[in-house]
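Student: Take this structure, written in structure tokens, and hold onto it; I'll ask about it next.
The values are calculated or read from the model by the stated rules, or taken from the named source; none is laboratory data. None of these values were measured; they are calculated from a predicted model. In this analysis, Cβ positions are derived from the backbone assuming ideal geometry, glycine residues included, and neighbour counts consider all displayed protein chains.
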Amino acid sequence: MTYPFNEGLELTAIGRLSSGTPFTPMVASDINADGARNDRAFIFDPASATDTGVANAMRRLMDRSASRIADCLRSQIGTVAGRNSCEGAWQPSLDFQVNYRPRAFRLDRRLMLSVTTVNFLGGLDQLINGQRNLQGWGGVRTGDPTLLYVRGFDPATERYVYQVNERFAAQRSGQGSVATPFQIGSRRATRSVPIARGTSCAARSRSGAPRGSAARVAAEVRATS
């Protein structure tokens with residue numbers, strides 16, 4: 001969106017809204033002993049889990065989470081979580097660009113001076129919340145994918161003992177984010193004016209072409225005639 005203040009000055013706002021990043025509910029251990037910590041979590045049913053601690057934690061997690069996270073978990077109760085089955089929050093971004101085209105000094109708006117921001121929301125985050133309490137505004141963030149922690153192994157049942165991460169899918173400062181620093185850049189662009197063939201040197205001078213350019217063109221004409 002661009003707002004012109006006058007013929008030479010305009011402000012452009014550039015806003016984006018990106019869909020959330022998909023992620024998979026995970027176990028924070030290598031439970032299948034394949035050497036990789038990439039095992040998908042089993043979604044326990046709060047109504048039937050034999051471990052009351054797991055059942056109560058899953059119930060609290062589903063009640064307190066955003067609807068998109070709660071729906072993701074409820075739709076997979078009693079199964080191993082699907083890959084990329086949950087989705088993070090939508091991500092906004094906002095930047096500004098100021099363009100100035102002066103008429104002074106015979107420029108006739110052929111020169112454009114621009115000032116542009118990069119990650120304006122990130123700059124606001126630093127200004128308002130401080131470097132130690134950043135909220136991740138303007139960054140590409142994903143939620144915490146760890147749903148279960150392994151707390152032991154029960155030899156009688158031959159099953160792992162789990163603890164539910166009640167911060168599952170939470171977006172914290174500096175976690176799972178791609179941070180773009182706030183920046184301000186400037187740019188200068190010039191637009192040349194084409195000279196029609198056959199135009200006299202005097203006409204070129206009157207049209208605003210530099211006198212040196214007109215002299216060089218006249219010398220070239222004399223050289224070729």
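Student: Just a yes or no: is a residue in the stretch 69-76 surrounded by fewer than 16 Cβ atoms within 10 Å (Cβ to Cβ) and in contact (Cβ under 8 Å) with a residue 24 or more places away in the chain?
Tutor: No.
Student: Restricting the first residue to the stretch 152-171 and requiring it to be assigned by TED's automatic domain parsing to the domain that holds P22 and in contact (Cβ under 8 Å) with a residue 40 or more places away in the chain, which pairs with a second residue that is aromatic (F, W, Y) and in a strand (DSSP E or B) meet a Cβ separation below 7 Å and a spacing of at least six or different chains?
Tutor: Listed pairs, sorted by first residue: Y160/F153; V161/F153; Y162/Y149; Q163/Y149; N165/Y149.
Student: Can you say whether A33 is aliphatic (A, V, I, L, M), part of a loop (DSSP other than H, G, I, E, B) and over 21 Å from D144 (Cα atoms), as far as the supplied structure shows?
Tutor: Values: aliphatic (A, V, I, L, M): yes; part of a loop (DSSP other than H, G, I, E, B): yes; over 21 Å from D144 (Cα atoms): yes.
Against the criterion (aliphatic (A, V, I, L, M), part of a loop (DSSP other than H, G, I, E, B) and over 21 Å from D144 (Cα atoms)), A33 qualifies.
Student: Which ones in the stretch 114-145 are out of contact with any Asp or Glu (no Cβ under 8 Å at 6 or more places or on another chain) and either more than 26 Å from L11 (Cα to Cα) or not assigned by TED's automatic domain parsing to the domain that holds S19 (or both)? Give the steps one after another, and end with the answer.
Tutor: Going residue by residue through the stretch 114-145, those that are out of contact with any Asp or Glu (no Cβ under 8 Å at 6 or more places or on another chain) are 114-115, 121-133, 139-145.
N129, G130, Q131, R132, N133, R141, T142, G143, D144, P145, listed by residue number.
Student: Would you check which residues across the stretch 17-47 are modelled with pLDDT of 90 or more, within 21 Å of G143 (Cα to Cα) and charged (D, E, K, R) and list them?
Tutor: Answer for the stretch 17-47, where residues must be modelled with pLDDT of 90 or more, within 21 Å of G143 (Cα to Cα) and charged (D, E, K, R): D39, R40.
Student: Let me ask something additional. Quick one: in the stretch 161-194, which of the residues that are among the hydroxyl-bearing types (S, T, Y) and at pLDDT 85 or above is farthest from G136 (Cα to Cα)?
Tutor: Y162
Student: Something else about it: For the stretch 69-90, how many residues are in contact with a strand residue (DSSP E or B) (Cβ under 8 Å, 6 or more places away or on another chain) and in a loop (DSSP other than H, G, I, E, B)?
Tutor: Residues in the stretch 69-90 being in contact with a strand residue (DSSP E or B) (Cβ under 8 Å, 6 or more places away or on another chain) and in a loop (DSSP other than H, G, I, E, B): 9 in total.
Student: Just give me the residues in the stretch 16-63 being among the hydroxyl-bearing types (S, T, Y) and out of contact with any strand residue (DSSP E or B) (no Cβ under 9 Å at 6 or more places or on another chain), in sequence order.
Tutor: Taking the stretch 16-63 first, the residues among the hydroxyl-bearing types (S, T, Y) are 18-19, 21, 24, 29, 48, 50, 52.
Within the stretch 16-63, S48, T50, T52 meet the criteria.
Student: Counting only residues that are in a loop (DSSP other than H, G, I, E, B) and either surrounded by 13 or more Cβ atoms within 10 Å (Cβ to Cβ) or on the phi < 0 side of the Ramachandran plot (or both), which one in the stretch 139-160 is modelled with the highest pLDDT? Give the derivation first.
Tutor: If we filter the stretch 139-160 for residues that are in a loop (DSSP other than H, G, I, E, B), which is where we start, we get 139, 142-145, 155-158.
Applying the additional criterion that residues be either surrounded by 13 or more Cβ atoms within 10 Å (Cβ to Cβ) or on the phi < 0 side of the Ramachandran plot (or both) yields 139, 142-145, 155-157.
On the way: G139: 73, T142: 71, G143: 79, D144: 89, P145: 94, P155: 91, A156: 89, T157: 87.
Taking the candidates together, the pick is P145.
Student: Which one of the conditions (1) more than 30 Å from R151 (Cβ to Cβ); (2) touching a helix residue (DSSP H, G or I) at 6+ places or on another chain (Cβ under 7 Å) does N6 fail to meet, given that it meets all the rest?
Tutor: Only one criterion is unmet by N6, namely (2).
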